[in-house]
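Read the structure below first, then the notes.
The values are calculated or read from the model by the stated rules, or taken from the named source; none is laboratory data. Bear in mind the structure is a predicted one, so any value in this text is a computation, not a measurement. Positions of Cβ are generated from backbone atoms using ideal geometry, with glycine treated the same way; all protein chains shown enter the neighbour counts. Note: areas computed on protein heavy atoms with side chains; ligands, DNA, RNA excluded. Shrake-Rupley method; radii C 1.70, N 1.55, O 1.52, S 1.80 Å.
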Amino acid sequence: MAYNLTKIVITRPDFFDGEMDRINHLMESGLKLLHIRKPEATEEEMRAYILQINADYRNRLVLHSHFHLAHTYHLGGIHLSRNRQTIPPDFTGRLSYSCHTLEEVAIWKPRCCYVFLSPIFDSISKKGYHAAFTIETLEKAHKLGIVDHQVIALGGITQERIPLIESLGFGGVAMLGEVWENKANLSF
């Protein structure tokens, strides 16, 4: 069964062998958005990383740091968080934000194209990072219009959980562990 959810992939924080092949394959397979989250990367490492991705896909890349490179390489967006809330003055692309409470969703959703809400389930890639919401809380948030098409579920997302995520009213899923840890064959 096909689902209407947007699927986003977030990179692992480290650099590893075969990563670029995997990224270009994901993009060729129809991945709409790749969030580049490399918190320890220098600007030079980030430039080299971006240049290894097929130029045809750069408008589908979203940066979590070194925001000025989004303009330099005509990338698709930037992603803000509690640690990085300042939007560059000349930025005009896609804007997203990491939320960890429903209150943050209410604050940031009007300012962004979409927001992540996490962790929905126990994380696959971060040990000890447990679900912060019950299914009942998320159902209520959907009924109140807090969780809607602009909210992307993050944390413990697997292919098997996608039908549940969709039934809760989310607009998409952001995947990290399922993609890199398990090397799942995802359909986009």
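Can you tell me which residue is most open to solvent (accessible area, probe 1.4 Å) among those in the stretch 98-109 that are of a type outside the set (Asp, Glu) and in a helix (DSSP H, G or I)?
Filtering the stretch 98-109 down to residues of a type outside the set (Asp, Glu) leaves 98-102, 105-109.
From the residues that got through so far, the ones that are in a helix (DSSP H, G or I) too are 102, 105-109.
Working: 102: 32, 105: 1, 106: 63, 107: 98, 108: 20, 109: 27 Å².
Ranking the candidates gives 107 first.
Can you pull out the residues in the stretch 2-23 that are in contact with a helix residue (DSSP H, G or I) (Cβ under 9 Å, 6 or more places away or on another chain), of a type outside the set (Ser, Thr, Tyr) and modelled with pLDDT under 90? Even if it seems obvious, please write down each step before you answer.
The initial filter retains those residues of the stretch 2-23 that are in contact with a helix residue (DSSP H, G or I) (Cβ under 9 Å, 6 or more places away or on another chain), namely 3-5, 7, 9-12, 15-16, 19-20, 22-23.
From the residues that got through so far, the ones that are of a type outside the set (Ser, Thr, Tyr) too are 4-5, 7, 9-10, 12, 15-16, 19-20, 22-23.
Selection gives 4, 5, 22.
Output the number of residues of the stretch 32-75 satisfying the condition of being β-branched (Val, Ile, Thr) and under 19 Å from residue 22 (Cα atoms).
Going through the stretch 32-75 one residue at a time, the tally reaches 4.
Quick one: which of 48, 70 is touching a strand residue (DSSP E or B) at 6+ places or on another chain (Cβ under 7 Å) and of a type outside the set (Ser, Thr, Tyr)?
On the way: 48 fails: touching a strand residue (DSSP E or B) at 6+ places or on another chain (Cβ under 7 Å).
Being touching a strand residue (DSSP E or B) at 6+ places or on another chain (Cβ under 7 Å) and of a type outside the set (Ser, Thr, Tyr) holds for just one of 48, 70, which is 70.
Here is a list of conditions, (1) of a type in the set (Phe, Trp, Tyr); (2) open to solvent by 30 Å² or more (accessible area, probe 1.4 Å); (3) touching a strand residue (DSSP E or B) at 6+ places or on another chain (Cβ under 8 Å), and residue 16 meets all of them except one; can you say which number that is?
(3)
Can you tell me which residue is nearest to residue 9 (Cα to Cα) among those in the stretch 138-169 that are hydrophobic (A, V, I, L, M, F, W, C) and open to solvent by 10 Å² or more (accessible area, probe 1.4 Å)?
Step one: list which residues in the stretch 138-169 are hydrophobic (A, V, I, L, M, F, W, C), which gives 138, 141, 144, 146-147, 151-154, 157, 162, 164-165, 168.
Next, only the ones that are open to solvent by 10 Å² or more (accessible area, probe 1.4 Å) stay: 144, 146, 154, 164.
On the way: 144: 28, 146: 23, 154: 10, 164: 19 Å.
Within the stretch 138-169, the match that is nearest to residue 9 (Cα to Cα) is 154.
Scanning the stretch 92-133 for residues that are modelled with pLDDT under 90 and in contact with a helix residue (DSSP H, G or I) (Cβ under 7 Å, 6 or more places away or on another chain), which turns out farthest from residue 176 (Cα to Cα)?
Selected residue: 93.
So, in the stretch 29-68, of the ones that are in a helix (DSSP H, G or I) and of a type in the set (Lys, Arg), which residue ends up nearest to residue 14 (Cα to Cα)? Spell out the reasoning first.
Pass one, the stretch 29-68, residues in a helix (DSSP H, G or I): 43-51, 55-60, 68.
Filter again for of a type in the set (Lys, Arg), leaving 47, 58, 60.
Details: 47: 15, 58: 20, 60: 20 Å.
Looking at the filtered set, the residue picked out is 47.
Do you know which residues across the stretch 69-97 are open to solvent by 20 Å² or more (accessible area, probe 1.4 Å), in a strand (DSSP E or B) and closer than 28 Å to residue 139 by Cβ?
Within the stretch 69-97, 81 is the sole residue that qualifies.
Check off (1) within 20 Å of residue 165 (Cα to Cα); (2) modelled with pLDDT of 95 or more for residue 45 and give me the number that stays unchecked.
All conditions pass for residue 45, except number (1).
Which residue pairs have Cβ atoms under 8 Å apart, sit 6 or more places apart or on different chains, and have a first residue in the stretch 143-163 that is over 18 Å from residue 116 (Cβ atoms) and a second that is modelled with pLDDT under 95?
Matching pairs, first to second residue: 159/178; 159/184; 159/186; 163/1; 163/3.
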